[in-house]
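**Student:** If you scroll down you'll find the structure; I have some questions about it.
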Amino acid sequence: YGPQYSQRVATVIVILADDDLEGGFTVFKREGKANENKAISNWTGCDTDGGLKYKPRAGDAVLFWSTLPDGTIDPHSLHGSCPVISGTKWAAVKWLRNKGGYNP
C-alpha cells in the first residue's frame, strides 16, 4: 500500500443496496468500555462479544471518527465487515483525511 502522507480522521460508509441481504454487518468490536483494550484476532467474525453490530440498510450513511481530538487513533473506531451470507450488498466508502494527497 505504500507510505501514508496523511491521517484518516473520519470514515463515511453509504449503503447503496441491500437486496435480500443476510449478513454483511459492520462490527465495531471495541465499542463499549469493557471492550476497549481487548485483543481481537477475528475482525470478520460476526460475534461482537459486547461490541456494536450495524445491519446495513439501503440509503443509510454511517459516519465515525478514526481519531481522538489530540490526533491519536481512537480504538473504538477499529471495525470489520461480516461476510454476506446471501443477497447483495453495495456500499460506497469515503475517507476524510487531515491533509491533501501525496506531497513529498
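The values are calculated or read from the model by the stated rules, or taken from the named source; none is laboratory data. Nothing here was measured: the structure is a model prediction, and the numbers come from that model. Note that each Cβ is placed from the backbone with ideal geometry, even for glycine, and that neighbours are counted across all protein chains shown.
**Student:** Could you grab the pairs with beta carbons closer than 7 Å, sequence gap of 6+ or different chains, first residue in the stretch 72-94 and under 20 Å from GLY51 (Cβ atoms) and free of Cβ contacts under 8 Å to residues at least 12 places away in the same chain, second one assigned to a strand (DSSP E or B) and β-branched (Val, Ile, Thr)?
**Tutor:** Partner pairs satisfying both residue conditions: ILE73/THR67; ASP74/THR67.
**Student:** State the number of residues belonging to the stretch 67-88 that are under 28 Å from GLU22 (Cα atoms), part of a loop (DSSP other than H, G, I, E, B) and touching an Asp or Glu at 6+ places or on another chain (Cβ under 6 Å).
**Tutor:** Residues meeting the conditions: 2.
**Student:** Find all pairs meeting these conditions: Cβ atoms under 6 angstrom apart; at least six residues apart or on different chains; first residue within the stretch 33-59 and hydroxyl-bearing (Ser, Thr, Tyr); second residue modelled with pLDDT of 70 or more and not in a loop (DSSP other than H, G, I, E, B).
**Tutor:** Filtered contacts from the stretch 33-59: THR44/GLY80; THR48/VAL27; TYR54/THR26.
**Student:** Only one residue in LYS89, LYS29, LYS53 is over 23 Å from SER6 (Cβ atoms), surrounded by 14 or more Cβ atoms within 10 Å (Cβ to Cβ) and at pLDDT 90 or above. Which one?
**Tutor:** LYS89
**Student:** Out of the residues in the stretch 4-26 meeting the condition of being surrounded by 12 or more Cβ atoms within 10 Å (Cβ to Cβ) and either modelled with pLDDT under 85 or in contact with a Cys (Cβ under 8 Å, 6 or more places away or on another chain) (or both), tell me which one is nearest to GLY80 (Cα to Cα).
**Tutor:** THR26
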